[in-house]
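Just below is one structure, and these are the notes that go with it.
The values are calculated or read from the model by the stated rules, or taken from the named source; none is laboratory data. All figures in this text were calculated on a predicted structure; none of them were measured in a lab. Cβ coordinates were reconstructed from backbone atoms using ideal geometry, including for glycine residues, and neighbour counts include every protein chain displayed.
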Amino acid sequence: MSATLRLALSGLRGRSKVAAGATALVAALAAAAVVAGLSVQSQGGPQVDEIYRDSGRPDLVVYGEPGALEGLRGDAAFAATGPVTAYTTGEVELGDGSVEARVATPPPASAVGAPQLRTGRWASAAGEVVFDRAAAVEAGVRDGDRVRINAAGGLVTLTVVGTAVDLTDCFYPDCDPIRLFVDPAGLRALAPDVADQHSMLIARLADPDAADAAAARLGGSAGVEGVQPWPDTRDDILTRELIFGASLAAFGIFVLLAAAFVVAGTAAARLLARRREIAMLQAVGYTNRQIIGGLLAETLILGLAGAVLGWLAGTLLAPFLQVGLSAAMGRTGLRVSVVSLLIAVAFVGVILTAATVLPARRAARQPVTDVLRDAPPRSAAPARVARLLDRLRLAPATRFGIGTVLARPARSALTAAALAIAVAAVVVAAGFLTTMDRFVTEPASAGDPYDAAVAGDGTDGARTAAALSSMPEVAGWYTQTDRRATLGEETFLARAVGGDPAQAGFLVREGQPLRAAGEALVGYGFLKRFGLGVGDTVDIRAGDTPLALKIVGWYSETEDTGEVLMYRAEMLPGATPDAFLVSARSGTPAALATALRERLGPAATVHPIEADSDELTLFTYSMLVMAGLVLVVSLANLAAALLSGARERARVLGVLRTVGFTVRQTLAQSASGGAVLGVAAGIVGLPVGLVLFQVLSDQMTIGIGAGPGLSRSPSWVLLVLTVPAAALIGALAGAAVTRRLAGTPASTLVRWE
Amino acid sequence: MTQPLLRASALVRTYRGGAREHAALRDVSLTVAAGDWVAITGPSGCGKSTLLHLLGGLDRPDSGEVWLAGTRLDDRDESGRALLRRRHVGFVFQFLNLVPTMTVIGNVELPLVLQGVARREARARSLEVLEELGVGDAADAAPAELSGGQQQRVALARAVVHRPDVLLADEPTGALDSASADVVLDLLRRRHDSGQSIVLVTHDHRVAAAADRVVTMLDGEIVDERDLTGAKDRPTYANLINLEG
């Protein structure tokens, strides 16, 4: 066995099991956080791709007239198509409200785009329905339940006999309508008049990479109302997973940084305690390189064990951290990735090496003779610090506590830095939660500046508009008509907006609201995707209508990751609004919805806007858990650093006790030191946290298409309390770790080795 | 009858480490009168330092009593003993006596500050003692900037600055070269001449011979006690005992 390895193993044997375990645990926590984040980011993709393959690769979904769709089946770009499928729309009662639904007969299982049955069986009688899997999980609908559907044929009650996943759009609640499947008799019962039925065609392309180009080309064909390419749907399905995973991984970096400072601090303390042993080894012939190598190997062995454990924990945890996908597709299975193991080991290895080498070099370069004759460690010491503190009129305990912190500036800085990272993590987490809360409580942040929606289908638009304008409960309204549109060879969502959108409260971030024909207001994602800016002019095709538009501004929109363009409805004459979006003068969305139902009659389908906060719960808890993790690691480090510092000073504490320090003063001196570290951590961590929060939150809001600058800082109360709270935590930690020493007889302390 | 300054009676102290026990003191009694200089000597591990620590209230005996200036010390808790030490006791150890993060003057004035003496007065009194002990110039230095002998003089200054009833010294010259040891011994002698009571633990017979009374310990017991007051040939006291081989 090499001398270096022998030294490393001897060091491991000499460590207390608790200290060794703590180092490995810190490495494990950091690795687990990073691996979980990376896994969440990547685990959704393969799962979605698998079901895409199982569904026969549905690259395009084309909506339009049945005849036109039949004509498209022979298009050269198509490798295969399913049958032209009839569907109707309706409202499904879910809980206290209702949700828009598209009801179709399922194509044969082998057809392109056939929905995938998840539970139960397919409907075989008129009174049966297969429910959208994601919506069923979200709303707690189970096989055997009875649901009520309000469609053209009237209110029908159906029995749920199964659930299925359908890839024609992203999953509820990110996308609606939800998709339901009935047998042909069931469809006829829901839409007895063929005029109430619509058609769609699902196609597999010969070249899947050409989906956007094909969508752009077909979108302009006669009789085609819209085209949805699979890449857009896939992106929409995975957006939340990507953002959530990135957030987890970012917090994992926080844990990793905290871990680095923890290891550096404990390594410095441990090496100081082992200085005599190291000098003895040097005396018997160990070179500096061997000493450093041995000390580094000792830490890396623990780090490697921790990284593997953390990788395992992160891998096991990742399936439980799915956002959005799990409802539709069930939890993903375990995905064991050697790459993530290598990344975890590399991250932990680099961090631990950086954290160990410097103190190890210092330890190896100490004057051997000084150590062997028990001379106190040389330090740059505290002559200046001592003189400075003498000038301050501090109580003896405070004076001593602060002095000990300042006497070892490097180690104190490491301890404070670890705590500062925790403070920053808390600030970032609090900011994220505040920003999330904004998105939930201010629907305009997500591009939905209304309180209730009235479905346009089956209503007389002019009558509805007149009714809305006369209602005292209504502050304003606008209409929207969605079309898949094309710009060049790429497709996106274009929205014709009628009524008075300028008063609708869209969150216009740059430029001006949409006022006149020829103008376009776009989402940030649209500008980013096409490399455009406010003031640019674009020529698009909305359905088969060519439009020349000047971009007058951009607004916050999260639908289709912000790749949305709004223009005036006057430019799409004859189009029926998909929905009337109504703002309340006062009162809740539910109250407005009730008033609208009363005014517009039972035929009108009205939905109050609902804050989709359930999905955010996992995100919120995960943020809090990660911030808590960083905090725990940092506090453990603070406690360990203060404890080792107190042990190093045990003899001095004994001397102070001989002079007359009481137990309380012994505790107070340590609390003072801890408080100073806490204050330093707060002062550094607070601005760092705010800057990091701005950067990360901008990345997040840009990622979801809403654009930068939407973040909302944590409450000022939290910010004001940060530094005092950090000081208090430091003081409590200081007092806690010295309790045992404070109770130790002074005679033991003055004999302390 | 005058009450003794320091009285220890039937002290027993046993250290326990796992299953092993070590009887450091076995039924030790000692009385120190005001103005006495008592040297406690004996081989390593005989219980000298343990006895000194019990006398100064740094530890509590398993049984027995310690009375200091008419107050029972051993039944007080840690803080209670600390408060008594502030007023009545000064301690000097073999090395590492000083608080490294405080200047010399900061170290010396500490007992006064703890007693609540005004900072200005504490500083003046501390400087006075430092001058008296020949280290006044080093008042603003950090301990690490001083030699071992200087540090020990500063420790002595801190131990006497608040005019304690008794000075307890544990091998105060043990880590010094002979010249520095002579200086410290001379300082102790001068403090004693001015009325300071001293209890001193030492291996050094020459230092022990400077005391009025020499108590010799072996295996946790006092095995010899001699009064050297008026002895004609103190420096040769070392020749009288031969217990440390």
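A few remarks follow.
- Scan of the range A:67-120 for residues that are farther than 25 Å from residue A:136 by Cβ, out of contact with any helix residue (DSSP H, G or I) (no Cβ under 7 Å at 6 or more places or on another chain) and small (Gly, Ala, Ser), ordered by number: A:67, A:68, A:71, A:74, A:76, A:79, A:80
- Residue match in the range B:160-179 (condition: in a helix (DSSP H, G or I) and within 13 Å of chain A (Cβ to nearest Cβ)): yes
- Residue B:41 being buried (at least 21 other Cβ atoms within 10 Å of the Cβ) and within 12 Å of chain A (Cβ to nearest Cβ): no
- Residue A:90 vs. criteria buried (at least 21 other Cβ atoms within 10 Å of the Cβ), of a type outside the set (Val, Ile, Thr) and modelled with pLDDT under 90: yes
- All told, residue A:118 meets the bar of being basic (Lys, Arg) and in contact (Cβ under 8 Å) with a residue 60 or more places away in the chain.
- Single residue of the range A:201-223 satisfying the filter (of a type in the set (A, V, I, L, M) and closer than 17 Å to residue A:544 by Cα) that is surrounded by the fewest Cβ atoms within 10 Å (Cβ to Cβ): A:222
Quick grid of which residues meet (1) small (Gly, Ala, Ser); (2) touching a residue at least 60 places away in the same chain (Cβ under 8 Å); (3) not in a helix (DSSP H, G or I):
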{"residue": "A:549", "(1), (2), (3)": "no, no, yes"}
{"residue": "A:561", "(1), (2), (3)": "no, yes, no"}
{"residue": "A:573", "(1), (2), (3)": "no, no, yes"}
{"residue": "A:594", "(1), (2), (3)": "no, no, no"}
{"residue": "A:602", "(1), (2), (3)": "no, no, yes"}
{"residue": "A:627", "(1), (2), (3)": "yes, yes, no"}
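- Residue within the range B:89-101 that is within 14 Å of chain A (Cβ to nearest Cβ) and more than 28 Å from residue B:204 (Cβ to Cβ) present: yes
- Under the condition of being crowded, with 24+ Cβ neighbours inside 10 Å, under 20 Å from residue A:402 (Cα atoms) and aliphatic (A, V, I, L, M), the residues counted in the range A:619-639 number 1.
- Some residue of the range A:483-503 being of a type in the set (Asp, Glu), touching a residue at least 60 places away in the same chain (Cβ under 8 Å) and within 21 Å of residue A:213 (Cβ to Cβ): yes
- Scoring residue A:413 on the criteria (1) facing chain B (nearest Cβ under 10 Å); (2) part of a helix (DSSP H, G or I) leaves a single failure, condition (1).
- Residue count for the range A:507-527, restricted to those that are surrounded by 17 or more Cβ atoms within 10 Å (Cβ to Cβ) and out of contact with any Ser or Thr (no Cβ under 8 Å at 6 or more places or on another chain): 10
- In the range A:653-663, of all residues being in contact (Cβ under 8 Å) with a residue 12 or more places away in the chain and of a type outside the set (Lys, Arg), the one that is farthest from residue B:158 (Cα to Cα) corresponds to A:663.
- Residue in the range B:74-86 that is closer than 25 Å to residue A:646 by Cα, within 7 Å of chain A (Cβ to nearest Cβ) and hydroxyl-bearing (Ser, Thr, Tyr) present: yes
- The criterion of at least 1 residues that are closer than 30 Å to residue A:37 by Cβ and more than 20 Å from the chain's Cα centre (by Cα) is met by the following strands (runs of 3 or more DSSP E) wholly inside the range A:143-257: A:154-165, A:224-229.
- Checklist (1) surrounded by fewer than 20 Cβ atoms within 10 Å (Cβ to Cβ); (2) under 30 Å from residue B:102 (Cβ atoms) applied to residue A:408, failing item: (1)
- Taking the numbered list (1) surrounded by 20 or more Cβ atoms within 10 Å (Cβ to Cβ); (2) under 27 Å from residue A:400 (Cα atoms); (3) aliphatic (A, V, I, L, M) in turn, residue B:144 passes all entries but (1).
- Number of positions in the range A:679-710 that are small (Gly, Ala, Ser) and without any contact (Cβ under 8 Å) to a residue 24 or more places away in the chain: 0
- Counting only residues that are surrounded by fewer than 23 Cβ atoms within 10 Å (Cβ to Cβ) and assigned to a helix (DSSP H, G or I), the range A:490-506 holds 2 of them.
- Yes/no for residue A:428 being under 30 Å from residue A:729 (Cβ atoms) and either of a type in the set (A, V, I, L, M, F, W, C) or in contact (Cβ under 8 Å) with a residue 40 or more places away in the chain (or both): yes
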